[in-house]
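S.K.: For reference, the structure I am asking about is given below.
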Amino acid sequence: GVWEHDIATDEVTWSDTMHRLFGSSTEQFSGTPDEVLSFVHPDDRAALHEGYQAAVIGDGDVFEQEFRIVRPDCEVRWVHRRGQVRRGPDGRAKSVLGVALDITERKAPEDANARLAAIALAADDAIVGLAADGTILAWNPAAERMFGYSAAEAIGQSPRMLYPESEAEVEAIARRVRGGEHGR
């Protein structure tokens, strides 16, 4: 969608695509910057506002931001917006013209990975992730408690550090990992 903010009138206009993205009709949209900000996820509002103000007040012309919105139906979507600050002869910002793209599908794997990482960090069981070659890639706090090595000490090492007396055990684990299996 396309959007524009006229700084002199403090009015924001949206294309029809912007209204569809944000789940707002043209009749419901007053065009104030505060209303636009009300669509932004509460956790993202301050950073979005600060980034926008820095672009308008600064001397750069182009800025980009990624943030979440909460549509009126409570659906959360990810948006990438790019803006072009248009300045007058005196260098002061007169308006900002921009585009917004729905990037929810691109962000979904990142969100899923963040949830899995949070689960692994909070787990009471040791979780150790291995690469196909057997190298340790992930090491949660429970693994630190169980094995006595910090994540910094373990990541990048061979699991042989955990079972130095049992070469056969380590090779069996590596075979299972290469075969795509999960082990307990």
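The values are calculated or read from the model by the stated rules, or taken from the named source; none is laboratory data. Bear in mind the structure is a predicted one, so any value in this text is a computation, not a measurement. Backbone-built Cβ (ideal geometry, glycine too); neighbour counts: all protein chains shown. Just so you know, the surface numbers come from the protein's heavy atoms only, side chains and all, with ligands and any DNA or RNA stripped out. Shrake-Rupley method; radii C 1.70, N 1.55, O 1.52, S 1.80 Å.
S.K.: Output yes when any residue across the stretch 9-16 is in contact with a Gly (Cβ under 9 Å, 6 or more places away or on another chain), touching a residue at least 24 places away in the same chain (Cβ under 8 Å) and open to solvent by less than 40 Å² (accessible area, probe 1.4 Å), and no when none is.
M.R.: Yes, there is a match, as at least one residue in the stretch 9-16 is in contact with a Gly (Cβ under 9 Å, 6 or more places away or on another chain), touching a residue at least 24 places away in the same chain (Cβ under 8 Å) and open to solvent by less than 40 Å² (accessible area, probe 1.4 Å).
S.K.: Taking the stretch 17-32 on its own, how many of its residues are in a helix (DSSP H, G or I) and open to solvent by 40 Å² or more (accessible area, probe 1.4 Å)?
M.R.: Applying the first criterion (in a helix (DSSP H, G or I)) to the stretch 17-32 yields 17-22.
Among the residues that remain, those that are also open to solvent by 40 Å² or more (accessible area, probe 1.4 Å) are: 17, 20.
Residues that pass the stated criteria total 2.
S.K.: Can I ask one more? Only residues that are more than 26 Å from R178 (Cβ to Cβ), assigned to a loop (DSSP other than H, G, I, E, B) and of a type in the set (A, V, I, L, M, F, W, C): list them for the stretch 101-156, please.
M.R.: Within the stretch 101-156, just I103 meets the criteria.
S.K.: Has the stretch 80-93 got at least one residue that is under 18 Å from the mean Cα position of the chain (by Cα), within 21 Å of V12 (Cβ to Cβ), open to solvent by less than 50 Å² (accessible area, probe 1.4 Å) and among the basic types (K, R)? Let's see the steps before the verdict.
M.R.: Going through the stretch 80-93, the residues under 18 Å from the mean Cα position of the chain (by Cα) turn out to be 80-82.
Retained after the next criterion (residues that are within 21 Å of V12 (Cβ to Cβ)): 80-82.
If we keep only those that are open to solvent by less than 50 Å² (accessible area, probe 1.4 Å) as well, we get 80-81.
Filter once more, keeping what is among the basic types (K, R): 81.
Looking for residues that are under 18 Å from the mean Cα position of the chain (by Cα), within 21 Å of V12 (Cβ to Cβ), open to solvent by less than 50 Å² (accessible area, probe 1.4 Å) and among the basic types (K, R), one finds at least one in the stretch 80-93, hence yes.
S.K.: Mind checking which residues of the stretch 105-128 are surrounded by 15 or more Cβ atoms within 10 Å (Cβ to Cβ) and of a type outside the set (A, V, I, L, M, F, W, C)? Don't jump to the end; show me each part of the working.
M.R.: Here is the first cut: in the stretch 105-128, the ones surrounded by 15 or more Cβ atoms within 10 Å (Cβ to Cβ) are 107, 120, 126-128.
Result: K107, single match.
S.K.: If you don't mind, another one. State yes or no: is R82 without any contact (Cβ under 8 Å) to a residue 40 or more places away in the chain and assigned to a helix (DSSP H, G or I)?
M.R.: Numbers: without any contact (Cβ under 8 Å) to a residue 40 or more places away in the chain: yes; assigned to a helix (DSSP H, G or I): no.
Considered against the rule, which asks whether it is without any contact (Cβ under 8 Å) to a residue 40 or more places away in the chain and assigned to a helix (DSSP H, G or I), R82 comes out as no.
S.K.: In the stretch 136-184, which residues are of a type outside the set (A, V, I, L, M, F, W, C), open to solvent by less than 100 Å² (accessible area, probe 1.4 Å) and under 20 Å from A118 (Cβ atoms)?
M.R.: N140, P141, E144, S150
S.K.: Turning to a different aspect of this structure: Taking only the stretch 39-71 into account, find how many residues are surrounded by 13 or more Cβ atoms within 10 Å (Cβ to Cβ) and in a helix (DSSP H, G or I). Give the derivation first.
M.R.: Here is the first cut: in the stretch 39-71, the residues surrounded by 13 or more Cβ atoms within 10 Å (Cβ to Cβ) are 39-41, 44-45, 47-49, 51-52, 55-56, 61, 63, 65-71.
This time we only want the ones that are in a helix (DSSP H, G or I), so: 39, 45, 47-49, 51-52, 55-56.
Result for the stretch 39-71: 9.
S.K.: Just to be sure before I move on: is V96 out of contact with any helix residue (DSSP H, G or I) (no Cβ under 6 Å at 6 or more places or on another chain), of a type in the set (A, V, I, L, M) and surrounded by 14 or more Cβ atoms within 10 Å (Cβ to Cβ) in the structure I sent?
M.R.: yes
S.K.: Looking only at the stretch 48-62, decide whether some residue is more than 20 Å from A93 (Cα to Cα) and out of contact with any Ser or Thr (no Cβ under 9 Å at 6 or more places or on another chain).
M.R.: Step one: filter the stretch 48-62 for residues more than 20 Å from A93 (Cα to Cα), giving none.
No: zero hits.
S.K.: Shifting gears a bit: Quickly run through the stretch 1-47 and pick out the residues that are of a type in the set (A, V, I, L, M, F, W, C), in contact with a His (Cβ under 8 Å, 6 or more places away or on another chain) and closer than 22 Å to G88 by Cβ.
M.R.: So the first thing to find is which residues in the stretch 1-47 are of a type in the set (A, V, I, L, M, F, W, C), and the list is 2-3, 7-8, 12, 14, 18, 21-22, 29, 36-37, 39-40, 46-47.
Imposing the further condition that a residue be in contact with a His (Cβ under 8 Å, 6 or more places away or on another chain) reduces the set to 12, 29, 37.
Once the filter is applied, which keeps residues that are of a type in the set (A, V, I, L, M, F, W, C), in contact with a His (Cβ under 8 Å, 6 or more places away or on another chain) and closer than 22 Å to G88 by Cβ, the stretch 1-47 yields only V12.
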